[in-house]
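Peer 1: Got a structure here, written out as structure tokens. Questions coming.
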Amino acid sequence: MRLSSPLPRRVLVPFVAVVALLTTAAAASAGAAEACGSVITAPLAPPVSADDPCPSTDPVVCRIRVMPMDEKVEAQRTRIRYHDLLESMHRTEADMRAAGATDEEVARELVDMRNQAKEITRAGMTAEEVRILEERNRAKYGNPLGPTADQLYAKYGSWNEVASAAMRTSYAVDRELSLEYRPCPV
């Protein structure tokens, strides 16, 4: 028996449309879950008064909290560029390991790249912002760019750990700038 009534078509077209919409939504959700690199997690928080006590011990976080919104936006852009440079470091590590480099060679290269990344991102900052970062690093590591490969090896006792440390980012700074860094698959 052949159905000549348009009823099945009236039911079928909306059904196909709903399935297509659900499939698109599921794909978008899966894509969002797989986002990598620098991911914006929320709108930037409005600046707080400089008199407001800072809950962080990190002077960089305290400085970001009081920045005018236009400066926060620029700081977020700078941080995203820094995260992009971390992605380059992950690719370099994979390439070096594939080429047979030793753990120490990889770690030293990544620490050098991290220091170069800091110099590159600081080029877009104000002199005051750079001064704050460099003062923190001088006090903590005796070096304006941060720890050396040898200092990190002394701390961690493993070149693999040095490589991992070189590719970490400050969770507190990222959070203050409404960012999350998620390494991309290599």
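The values are calculated or read from the model by the stated rules, or taken from the named source; none is laboratory data. Model, not experiment: these values are computed from the prediction. Neighbour counts are summed over all protein chains in view; Cβ atoms, including those assigned to glycine, are modelled from backbone coordinates with ideal geometry. Side chains included, ligands, DNA and RNA excluded: accessible areas come from the protein's heavy atoms. Shrake-Rupley method; radii C 1.70, N 1.55, O 1.52, S 1.80 Å.
Peer 1: Just the residues that are open to solvent by less than 40 Å² (accessible area, probe 1.4 Å) and β-branched (Val, Ile, Thr), please, taken from region 33-54. Reasoning before the result, please.
Peer 2: To start, the set of residues in region 33-54 that are open to solvent by less than 40 Å² (accessible area, probe 1.4 Å) comprises 35, 37-39, 44.
Across region 33-54, the qualifying residue is only 39.
Peer 1: Kindly list, by first and then second residue, each pair from a residue in region 55-73 that is loosely packed, with under 14 Cβ neighbours inside 10 Å to a residue that is hydrophobic (A, V, I, L, M, F, W, C) and part of a loop (DSSP other than H, G, I, E, B), limited to pairs with Cβ atoms under 9 Å and residues at least 6 apart or on different chains.
Peer 2: 69/44; 73/44
Peer 1: Can we say residue 89 is assigned to a helix (DSSP H, G or I), touching a residue at least 40 places away in the same chain (Cβ under 8 Å) and out of contact with any strand residue (DSSP E or B) (no Cβ under 7 Å at 6 or more places or on another chain)? Explain how you work it out, then say what you get.
Peer 2: On the way: assigned to a helix (DSSP H, G or I): yes; touching a residue at least 40 places away in the same chain (Cβ under 8 Å): yes; out of contact with any strand residue (DSSP E or B) (no Cβ under 7 Å at 6 or more places or on another chain): yes.
Judged against the criteria, residue 89 is a match.
Peer 1: What's the total number of residues in region 89-106 that are hydroxyl-bearing (Ser, Thr, Tyr) and open to solvent by less than 40 Å² (accessible area, probe 1.4 Å)?
Peer 2: Quick first cut of region 89-106, residues hydroxyl-bearing (Ser, Thr, Tyr) only: 92, 102.
Those still in the list that are open to solvent by less than 40 Å² (accessible area, probe 1.4 Å) too: 92.
Qualifying residue count for the region: 1.
Peer 1: Here is a further query. Name every residue in region 165-185 that is open to solvent by 40 Å² or more (accessible area, probe 1.4 Å) and either more than 22 Å from the chain's Cα centre (by Cα) or closer than 18 Å to residue 107 by Cα (or both), in order of residue number.
Peer 2: Of everything in region 165-185, those that are open to solvent by 40 Å² or more (accessible area, probe 1.4 Å) and either more than 22 Å from the chain's Cα centre (by Cα) or closer than 18 Å to residue 107 by Cα (or both) turn out to be 168, 183.
Peer 1: Now for a different question. Take region 134-164 and flag every residue that is open to solvent by less than 30 Å² (accessible area, probe 1.4 Å), farther than 13 Å from residue 113 by Cβ and either in contact (Cβ under 8 Å) with a residue 40 or more places away in the chain or of a type in the set (A, V, I, L, M) (or both).
Peer 2: Hit for region 134-164 is 152, nothing else.
Peer 1: Looking at residue 119, is it touching a Ser or Thr at 6+ places or on another chain (Cβ under 9 Å) and of a type in the set (D, E, K, R)? Give the steps one after another, and end with the answer.
Peer 2: Working: touching a Ser or Thr at 6+ places or on another chain (Cβ under 9 Å): no; of a type in the set (D, E, K, R): yes.
Spelling it out, it is not the case that residue 119 is touching a Ser or Thr at 6+ places or on another chain (Cβ under 9 Å) and of a type in the set (D, E, K, R).
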